[in-house]
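The values are calculated or read from the model by the stated rules, or taken from the named source; none is laboratory data. This structure is a prediction, so every number in the text was calculated from the model and none was measured. Here the Cβ positions follow ideal geometry from the backbone for every residue, glycine too, while neighbour counts run over all protein chains shown.
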Amino acid sequence: MKFHIGRCTAVALEPRSALASYDAGTGRYTLYAGGGGAVRYKKDLASLLGIEPRNLRVLSCDVGGNFGSKNRVYVEFGLALWASRKLGRPVKFTASRSEAFLSDYQGRDLVTEVELALRSDGKFLAMRASNLSNVGARCVSLSPLSKGSGLITGCYDIPAATLRSRAVLTTTAPTNPYRSSGRPEVNFAIERLIDAAAAELGMDRIELRRKNLVRPEAMPYRNAVGMTYDSGTYEANMDLAMRIADWNGFEGRRKNAAARGKLLGRGLSNYVESSIGSPKERAEVTVTPAGRVRVVIGTQPSGQGHETSFAQVVSSLLSVPVEAIDILVGDTDVVSVGGGSHSGRSMRHAATVFSMAAKELIEKGKKIAAYMLEANAAEIRFADGRFSAPHALRAYGFLELARDSAEALLPKELSGGLAVVADNEMHDPVFPNGCAICECEVDSETGAVDITRFTAVDDVGRCINPLIVHGQTHGGAAQGIGQALSEIYHVDPETGQPHTGSLMDYAIPRSDTLPSFSAEIVEVLSPTNPLGIKAAGEGATTPAPAAVVNAIVDALRDYGIRDLTMPATPQNVWRAIQGVGK
């Protein structure tokens, strides 16, 4: 089969914006700009301007939405800095919504040709894929092509595969990682291919998947193109999703829909995706005499709730109240190292350096507590959040120890107090996975599609904050469904004129076009990091397009329709129905 997974754009709540100023007295530039990583912006812009990095301060505070579109520097940010020095005054740039549609870094836009070889009993034997990525007029990133290429076999045990991956330059805006960079495209291909194979060969699509899913005992599993999946219970995920979605009650709902003149279809999509991102991260943790825990971290939020979940981890590791923790991010005069927020890296990298910092901080705390309690350091225990010695009359928590030791005459070797810096490099990817099931009603007279049910099961490794993870799942599902049903960034191939340059033309999903989602979190820990975290930010985005289109094709099966090109707008669905037999 051959698929074109079309181009889309992030439509961040706030278009990109920057405020630049140059101080002639100090020779320093300052830039306020919403982005995915202040440290990366600083490095890139200092290089662009030909200045020492110490002469540039970047602050990324409230980003206003990202999804990957703001992770890399835009030319206007460098121009604003240059113009500020040239004019001797601050310079502000804010993109209009129309400007954002024209020049934001965009996503997807992959043509893939895929073939699947099966044994007569349905066992997968081999796969062949040719992926062609449109990177636009200049190459900003090859990450979508690269990440998708490593996952062409999906959750399935396919012994052999061949792959050709290419990028092409065209007269369009550059493409960039967009939520679940490269993975929804290849997941769409394998999951659509399996449904088509089941239909053509007269096999049950669930049993065909069940026969070929990678087993838990095979983990860590190296797929046919060299990616090593860390952990997962793929078949159990599928079974859980089917149970939540009331798979067995579908025929009753189909009959009910038919009585109302609607065609009900259901689609299922298993998925596995990879998360790695920039390898370096740093945490600076200080327990202050004022009773606060100051945490400086190089990754930063753009709406995911990092401030909450980061504080939860630190609170758990140090046994201090969450409300006593201050998370400092996004200011390069404070943050010196860190990869920012992208590729589902933040919680995993942050929790790892927090764990390292906590271990070192506890050791420092034991030495200071030993001095305060007039005991030998070897006697000090840290348990239940308290430093204690066998015969001491009192014990210290971290906040009390910082307060009391600040007033004591600590020996020189302890004069630094309760402050540590933890650096780490993490090069092993993790592989979040799961299953999505969609039910939809199709109006055969108009082609209108109504999503009636959507179920998502996501294995995120250890889950720090279930409420935040469910929010990520809901948002991810909305973005995947939007691409399946309505979102397309269309450029006229003859003239290069964009036809979808505003929200009048580019149709993002709204609350009244989506059902309430049913979501479940699975926690199969990853062996690659101390807390076993995988990632949660991109889960439901990855399987949603395939689940939706599989559902629509299932609804239209009596018409003999084998495939449908996204987005499945009413016009496209109606044309497919009208084209049957022609």
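General remarks:
- Screening Ser502, Ser516 for residues that are touching a helix residue (DSSP H, G or I) at 6+ places or on another chain (Cβ under 7 Å), assigned to a loop (DSSP other than H, G, I, E, B) and surrounded by fewer than 16 Cβ atoms within 10 Å (Cβ to Cβ) leaves exactly one candidate, Ser502.
- The combined condition, being part of a helix (DSSP H, G or I), surrounded by 24 or more Cβ atoms within 10 Å (Cβ to Cβ) and touching a Lys or Arg at 6+ places or on another chain (Cβ under 7 Å), is not fulfilled by Ile190.
- Subset of the range 50-60 (residues that are surrounded by fewer than 20 Cβ atoms within 10 Å (Cβ to Cβ) and either in the same structural domain as Glu307 (by TED's automatic domain parsing) or small (Gly, Ala, Ser) (or both)): Gly50
- Number of residues in the range 331-369 that are in a helix (DSSP H, G or I) and either in the same structural domain as Leu531 (by TED's automatic domain parsing) or closer than 15 Å to Ile297 by Cβ (or both): the value is 14.
- Residues of the range 345-371 classified as in contact with a strand residue (DSSP E or B) (Cβ under 8 Å, 6 or more places away or on another chain) and under 14 Å from Glu281 (Cα atoms), total: 11
- Count of residues meeting criterion [in contact (Cβ under 8 Å) with a residue 40 or more places away in the chain, hydrophobic (A, V, I, L, M, F, W, C) and out of contact with any strand residue (DSSP E or B) (no Cβ under 9 Å at 6 or more places or on another chain)] in the range 247-289: 0
- Number of the condition not met by Gly36 [criteria: (1) within 19 Å of the chain's Cα centre (by Cα); (2) at pLDDT 95 or above]: (2)
- Residue match in the range 482-502 (condition: closer than 28 Å to His306 by Cα and touching a Ser or Thr at 6+ places or on another chain (Cβ under 7 Å)): no
Residue-wise test of (1) hydroxyl-bearing (Ser, Thr, Tyr); (2) touching a helix residue (DSSP H, G or I) at 6+ places or on another chain (Cβ under 8 Å); (3) under 30 Å from Gln106 (Cα atoms).
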{"residue": "Ser146", "(1), (2), (3)": "yes, no, yes"}
{"residue": "Gly150", "(1), (2), (3)": "no, no, yes"}
{"residue": "Glu191", "(1), (2), (3)": "no, yes, yes"}
{"residue": "Ile194", "(1), (2), (3)": "no, yes, yes"}
{"residue": "Gly202", "(1), (2), (3)": "no, no, no"}
{"residue": "Leu208", "(1), (2), (3)": "no, yes, no"}
{"residue": "Tyr221", "(1), (2), (3)": "yes, no, no"}
{"residue": "Gly226", "(1), (2), (3)": "no, no, yes"}
{"residue": "Thr233", "(1), (2), (3)": "yes, yes, no"}
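- Between Ala358, Ala395, Ala383, Ala351, the distinction of being among the small types (Gly, Ala, Ser) and in contact with a Ser or Thr (Cβ under 6 Å, 6 or more places away or on another chain) belongs to Ala395 only.
- Members of the range 142-157 that are surrounded by 23 or more Cβ atoms within 10 Å (Cβ to Cβ) and either among the polar types (S, T, N, Q) or in a loop (DSSP other than H, G, I, E, B) (or both): Leu151, Ile152, Thr153, Gly154, Cys155
- Taking the conditions (1) among the polar types (S, T, N, Q); (2) within 28 Å of Thr500 (Cβ to Cβ); (3) modelled with pLDDT of 95 or more in turn, Thr162 satisfies each one other than (2).
- Residues (within 21 Å of Ser130 (Cβ to Cβ) and in contact with an Asp or Glu (Cβ under 7 Å, 6 or more places away or on another chain)) located in the range 167-179: Thr175
- Residues in the range 111-141 that are assigned to a loop (DSSP other than H, G, I, E, B) and aliphatic (A, V, I, L, M): Ala137, Val140.
- The condition of being over 23 Å from Asp428 (Cα atoms) and assigned by TED's automatic domain parsing to the domain that holds Asp23 holds for only one of Pro90, Pro174, that being Pro90.
- Breaking point among (1) in contact with a strand residue (DSSP E or B) (Cβ under 8 Å, 6 or more places away or on another chain); (2) part of a loop (DSSP other than H, G, I, E, B); (3) surrounded by 21 or more Cβ atoms within 10 Å (Cβ to Cβ), for Val63: (1)
- Pairs meeting the criteria (first residue in the range 518-531 and farther than 16 Å from Pro216 by Cβ, second residue in a strand (DSSP E or B), beta carbons under 7 Å, at least 6 apart or on different chains) are Ser518/Thr455; Ala519/Ala456; Glu520/Val457; Ile521/Asp458; Thr528/Val430.
- Condition met for Ala378 (in a helix (DSSP H, G or I), at pLDDT below 95 and assigned by TED's automatic domain parsing to the domain that holds Ser302): yes
- Selection count, the range 405-443, where residues are of a type in the set (Gly, Ala, Ser) and in contact with a strand residue (DSSP E or B) (Cβ under 6 Å, 6 or more places away or on another chain): 4
- Taken over the range 72-88, the criterion of being more than 22 Å from the chain's Cα centre (by Cα) and either closer than 29 Å to Asn134 by Cα or in contact (Cβ under 8 Å) with a residue 40 or more places away in the chain (or both) is satisfied by Val75, Glu76, Phe77, Gly78, Leu79, Ala80, Leu81, Ala83, Ser84, Arg85, Gly88.
- Search result, residues across the range 313-330 that are in a helix (DSSP H, G or I), buried (at least 21 other Cβ atoms within 10 Å of the Cβ) and out of contact with any helix residue (DSSP H, G or I) (no Cβ under 7 Å at 6 or more places or on another chain): none
- Any hit, the range 32-40, residues being more than 21 Å from Val135 (Cβ to Cβ), small (Gly, Ala, Ser), crowded, with 21+ Cβ neighbours inside 10 Å and in contact with a Lys or Arg (Cβ under 8 Å, 6 or more places away or on another chain): yes
- Residue list for the range 217-245, restricted to those being closer than 26 Å to Cys438 by Cβ and free of Cβ contacts under 8 Å to residues at least 60 places away in the same chain: Glu235, Asp239, Arg243
- Strands (runs of 3 or more DSSP E) within the range 383-492 that include 1 or more residues buried (at least 23 other Cβ atoms within 10 Å of the Cβ) and under 32 Å from the mean Cα position of the chain (by Cα): 433-442, 449-459
- Evaluating Arg166 against the criteria (1) free of Cβ contacts under 8 Å to residues at least 40 places away in the same chain; (2) of a type outside the set (Phe, Trp, Tyr); (3) farther than 22 Å from Tyr221 by Cβ; (4) crowded, with 23+ Cβ neighbours inside 10 Å leaves one unmet condition, (4).
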